[in-house]
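To start, the structure itself, in structure tokens.
The values are calculated or read from the model by the stated rules, or taken from the named source; none is laboratory data. All of these numbers come straight from a predicted model, not from anything done at the bench. In this analysis, Cβ positions are derived from the backbone assuming ideal geometry, glycine residues included, and neighbour counts consider all displayed protein chains.
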Amino acid sequence: MYCTKCGEALDSQDRFCRHCGESRPPDSAKRFEAAFPPSVGPSEAGYWHTYVRPFFMTAGLFIAGLCGFFLVLKLLWAFWGGE
């Protein structure tokens, strides 16, 4: 963590900045957790995120790969005198 006044690095146990003397707010970790709550774990995600979403992501990547493969084949065919 860094001092909000001068920008010097602070140790986790410091209550004051060693460079400028500015006090560190004691609840900075609590404010951070309130602003950015921990993400939901896989056991709490539900049916959609556990089963359905990975299926559609895999199917979409497979279809995109096939489209890319056939596009490359078409370009190679056109380049080497197919038409």
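It is to be established whether one or more residues within the range 12-29 are small (Gly, Ala, Ser), out of contact with any Gly (no Cβ under 9 Å at 6 or more places or on another chain) and at pLDDT 80 or above. I'd like the intermediate steps shown before the answer.
Residues of the range 12-29 small (Gly, Ala, Ser): 12, 21, 23, 28-29.
Going one step further and asking which of them are out of contact with any Gly (no Cβ under 9 Å at 6 or more places or on another chain), we end up with 12, 21, 23, 28-29.
If we keep only those that are at pLDDT 80 or above as well, we get 21.
So far as the range 12-29 goes, yes, one or more of its residues are small (Gly, Ala, Ser), out of contact with any Gly (no Cβ under 9 Å at 6 or more places or on another chain) and at pLDDT 80 or above.
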How many residues are at pLDDT 80 or above and touching a helix residue (DSSP H, G or I) at 6+ places or on another chain (Cβ under 7 Å) when one looks only at the range 30-79? 1
